Amino acid sequence: MTYQIYSHQQLQLKSIARLKQIYAEIGCTVEVSDKRSKDSWISAIAEYQASKIQKLSPAAPDNQALAQAELDSYIADQAQVVAPEPLRIVEISFDHHEYYAGNQLVASISHDDNHLTQRWVVIVNDKEIFRANTPMRCHRFICTHYKDGSLPVQEQLATPCTTGNEVMAQIFNECDKYGYEILKDGIYQNDQKLGEVGQTDGNWWFTRAADETQRISCDSAMSAVQSLSMVDVSTDGKSIFDEYFLEQPKETANWR
């Protein structure tokens, strides 16, 4: 029996209703794990198509060659499919969130105080493309249309840690792990200043409160904040290493 072989890209563009029709048309018997999920229907159809191609009768040489060609084409097509990368959400403020795929800005959600009911807005390329009464509706809009490829392409790409918002978001996330407070003049723990963390020309650095003129290079926001966590606020800014080792009485080592 001959039937159309649907590629993964083709199936992604179908609605759940159409996927159900295709499922019935090809006589698919693979169980759908979650009937509310589009991906579950696509996985079932793809698995069934692959199994049917592999079971085509090899009796006639021409049929066998055709079956093998179809199978090779199907496998090659599936191998080229790259699943959409999960979106990373950066909270800039309570009413402003940015959505990234890797380091690329995809869209943002902001709050419009001037609108009476639908105050949450999806922005791409500085243009409004969707509006809703809750941020969750905007979130679903971005995720759904990004996944099926219908979300407008963001023209301006964000590079790693080049925007002030992205830098501050990373610093905030790392400080939050330690319960640190970020104020205008630096990072604090229990009202005691530990130092500062920042990025200049793509290079991360931190300073300790004991010597704010000395910028110490590091490779990420995580390592910078971790370095600040090594500062013991009870020792006037000296690190735990300095306090324990450098203050010990000097002894002559005996290597014999």
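Please treat every number below as a calculation from the coordinates, not as lab data. Source: prediction; values computed, not measured. Note that each Cβ is placed from the backbone with ideal geometry, even for glycine, and that neighbours are counted across all protein chains shown.
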Please find the FRET efficiency linking ALA17 to THR134, where r is the Cβ-Cβ separation and R0 is fixed at 22 Å, and quote it to the nearest 0.05.
0.30
Residue pairs, from the table LYS127/LYS184; LYS20/LYS147; LYS14/LYS127; LYS35/LYS127; LYS20/LYS52; LYS14/LYS35, whose Cα atoms sit over 25 Å apart
LYS127/LYS184; LYS14/LYS127; LYS35/LYS127
Using the Karplus curve 6.51 cos²θ - 1.76 cosθ + 1.60 with θ = phi - 60°, what ³J(HN,Hα) values do you get for each residue of region 38-45, in whole Hz, with x for Gly and Pro?
5, 4, 5, 5, 5, 4, 5, 5
If I take R0 = 25 Å and measure r between the Cβ atoms of MET222 and SER150 in this structure, what FRET efficiency does the formula 1/(1 + (r/R0)^6) give, to the nearest 0.05?
0.10
Between LYS127 and ASN103, 0.36 nm times their residue separation minus their Cα-Cα distance comes to what?
6.6 nm
At what distance in angstrom do the alpha carbon centres of region 108-122 and region 177-234 lie from each other?
35 Å
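Could you tally the net charge around GLY198, taking each other residue with its Cβ under 15 Å from the Cβ of GLY198, Lys/Arg +1 and Asp/Glu -1?
Cβ neighbours under 15 Å give a net charge of -3.
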Which of TYR146, ASN173, VAL124, positive extreme of dipole for region 103-200 (C-beta unit charges):
TYR146
